[in-house]
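Below you'll find the structure, written out as structure tokens, and then a few comments.
The values are calculated or read from the model by the stated rules, or taken from the named source; none is laboratory data. Model, not experiment: these values are computed from the prediction. Here the Cβ positions follow ideal geometry from the backbone for every residue, glycine too, while neighbour counts run over all protein chains shown. Areas reflect the complete protein model, heavy atoms only, side chains present, ligands, DNA and RNA absent. Shrake-Rupley method; radii C 1.70, N 1.55, O 1.52, S 1.80 Å.
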Amino acid sequence: MSDPRIDLMRSKIRDVPDFPKPGILFKDITPLLAHPQAFDACLGMLAERVYDLEANVVLGMESRGFIFGAALAARLRLPFVPARKPGKLPADVVRVEYALEYGTDTLEMHKDALPVGAQVIVVDDLIATGGTAKAAASLVEKAGGDVAGFAFVIELGQLEGAHTLAPHPVHSLLRF
Ligand code: AMP
């Protein structure tokens with residue numbers, strides 16, 4: 001029997017065809033954010049799924065990873081660390097450049113963001129190829145932490161991005 005919270009969340013993801021470019025079916029999470037019961041269900045389920053990882057830090061990727069990551073961190077009473085696009089963080093950073101379908105992208109994190117012995121949950125709204133999540137994991141390792149696991153609201157199943165994150169545990173709530 002499916003969890004009614006899953007059905008509610010699924011009903012609050014809007015498909016937007018051809019955004020940001022032709023051929024992409026964009027999964028818009030703004031209806032979920034605008035529905036308090038669905039957003040609360042989402043945070044509750046993420047918290048349940050990651051509880052066993054015994055992590056002590058939550059990292060979220062700019063921009064939508066901030067929304068879910070920061071709210072999840074507050075719910076778990078854990079520190080939140082942002083991984084940002086280049087040039088945004090004011091103090092010394094570690095940096096990872098990673099390949100996109102066309103070109104490259106960069107993520108940065110403050111060098112001193114992680115406490116000694118950090119076990120980090122990496123959070124984003126969606127995993128497609130897994131490239132962004134992998135880059136965030138490299139940042140964690142560069143800053144001296146360990147990845148405890150990954151949590152996503154949405155997994156685009158046919159792209160099998162989760163396999164690229166092995167052997168770390170990957171939790172996602174909705175598969176499309
Ligand atoms: P990837 O690095 O391929 O796993 O892509 C994941 C990142 O791109 C996440 O930060 C997502 O927010 C964004 N993304 C990729 N594909 C989509 C999509 N179809 N709809 C919404 N966001 C997407």
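Across region 22-44, not a single residue is classified as open to solvent by 80 Å² or more (accessible area, probe 1.4 Å) and among the basic types (Lys, Arg). Restricting region 126-135 to residues that are closer than 20 Å to Cys42 by Cβ and of a type in the set (Gly, Ala, Ser) leaves a set whose member that is nearest to the ligand (Cβ to nearest atom) is Ala128. When the residues of region 99-113 are filtered to those that are under 21 Å from Ile29 (Cβ atoms) and not acidic (Asp, Glu), the one that is nearest to the ligand (Cβ to nearest atom) is Leu100.
When restricted to residues that are more than 28 Å from Leu8 (Cβ to Cβ) and either within 11 Å of the ligand (Cβ to nearest atom) or open to solvent by 50 Å² or more (accessible area, probe 1.4 Å) (or both), region 137-150 contains 4. Selection of strands (runs of 3 or more DSSP E) fully inside region 99-176 by the criterion of at least 3 residues being within 15 Å of the chain's Cα centre (by Cα) and farther than 14 Å from Val58 by Cα returns 146-155, 170-175. The condition of being aliphatic (A, V, I, L, M), touching a helix residue (DSSP H, G or I) at 6+ places or on another chain (Cβ under 7 Å) and modelled with pLDDT under 95 holds for only one of Ala148, Ala133, Ala99, that being Ala99.
All of Val116, Val123, Val153, Val96 fail the test of being more than 15 Å from Gly69 (Cβ to Cβ) and within 13 Å of the ligand (Cβ to nearest atom), apart from Val96.
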